[in-house]
Amino acid sequence: MVGKRKLAMLLCTVLVGGILSGCGKSATDSNKGTTTSSEVKNVGVIQIVQHDALDAANKGFVDGLKEKGYEEGKNIKIEQQNAQGDMANAQTIAKQFADAKKDLIFAIATPSAQAAYNATKDIPIVITAVTDPVKAEIAKDWKNSGTNVTGTSDKVPVDKQIELLKKLIPNAKTVGVIYNTSETNSVIQVDELKAAAEKQGLAVKEIGVTNVNEINQNLASALGEINALYTPTDNTVASGYALVGKLCLEKNVPIIGAEEAVVTKGGKKPSEVEITTLSDMSFTINTDVAKKLNITIPQDIESKAKKVTGGVE
């Protein structure tokens, strides 16, 4: 199951376009509906770590800006920085952007957003791939952040994912969840998972890690105790999706993920712009894996699902 990330990035682009056009002199091309500016805007991008979902968000951001009339080398300068999964690196990058007085900071994922907000309360910050900006303490409210932060959230309804799990694996008793215990966004999702699982009569086994290197041992030792694995939108785990998939397939443990990658391998102040969530969700099912694990996909789910193959040797 995956959120409509493309829609989220379109929303981000609209927000950024509006904020940037408010930072200096600008004009609108009436034929194309794009915004051009007589000044070069300086944008800093902080991505917490490299993995497919965040890379796609980054690319969508740059492509969207180009569609809105902001193009590198013409009227915008984008400085890309990757923290390589290290919060201290994210904080250093954020401080550098703040000291450089960037016109806008685009923060990808919760740790990046927190680092940016800690570095500046003045420069507009647009976020994406942040599960809950209020609980992450970078916004006071969803509808009106009350801070210099706005953007989009990748929050998905965990209860619906657990309902899906029960339909696909009706005899499941225990679901495992692997996550980085130091990622605020992941802790929030695990709490929601436990509440949803309890309603469905499922036990939850937490598999905590602090870095990618711990995935192999911690997950391998837990696979014999679970009937399925849930992967939240966790940046550390996402960096190790290939390993997670390999270990689970070897033990015939199906994965329900919040991101598709686990199966495929205007002018307003930020404080005035509502922080939006994904408006819809879609299913993505790896049919080869489902066949290997002898999982029968109910017709009502199969008819709506995007189907992918591969990953079975």
Which of LYS59/LYS140; LYS66/LYS304; LYS173/LYS292; LYS160/LYS306; LYS59/LYS291 exceed 24 Å between C-alpha atoms? The answer is LYS59/LYS140; LYS66/LYS304; LYS59/LYS291
Which whole number in µm²/s is D for the stretch 195-263 by Stokes-Einstein, with the Kirkwood Rh taken over Cα pairs at 10 °C and 1.306 mPa s?
-> 128 µm²/s
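Would you mind getting me the FRET efficiency between LYS306 and LYS143? Use the beta-carbon distance for r and R0 = 41 Å, nearest 0.05.
0.80
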Please report, largest first and rounded to whole Å, the three semi-axes of the ellipsoid equivalent to the stretch 64-114, where each semi-axis is the square root of five times an eigenvalue of the C-alpha gyration tensor.
-> 23, 12, 9
Rg ratio (alpha-carbon, reference 2.2 N^0.38 Å) - the stretch 134-207 | 1.32
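Need the full-extension length gain, ASP52 to LYS205, defined as separation in residues times 0.36 nm minus the C-alpha distance. One decimal, nm.
Extra length available between ASP52 and LYS205 comes to 52.4 nm.
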Volume per residue (Å³) of the convex hull spanned by the alpha carbons of the stretch 169-235 is 72 Å³
Along the three principal axes, how long is the stretch 121-274 when you take its alpha carbons, biggest first, rounded to the nearest angstrom?
-> 52, 33, 24
Using the Karplus curve 6.51 cos²θ - 1.76 cosθ + 1.60 with θ = phi - 60°, work out ³J(HN,Hα) for each residue of the stretch 194-202 in order, rounded to whole Hz, and write x for Gly and Pro.
-> 5, 5, 5, 5, 4, 5, 9, x, 9
With a/c under 1.5 counting as rounded, go ahead and sort the stretch 76-197 into rounded, prolate or oblate using the C-alpha gyration tensor (a ≥ b ≥ c being the square roots of the eigenvalues; past the cut-off, prolate if a/b is larger than b/c, else oblate).
-> prolate
Assuming R0 = 41 Å, what is the FRET efficiency of LYS167 and GLU39, from their Cβ-Cβ distance, to the nearest 0.05?
-> 0.15
Sorted peptide list for 74-84, 194-204, criterion being average Cβ within 10 angstrom, highest first = 74-84, 194-204
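Coordinate-derived values only; no laboratory data. This structure is a prediction, so every number in the text was calculated from the model and none was measured. Methodologically, a virtual Cβ is constructed for each residue, glycine included, from the backbone with ideal geometry; neighbour enumeration extends over all protein chains shown.
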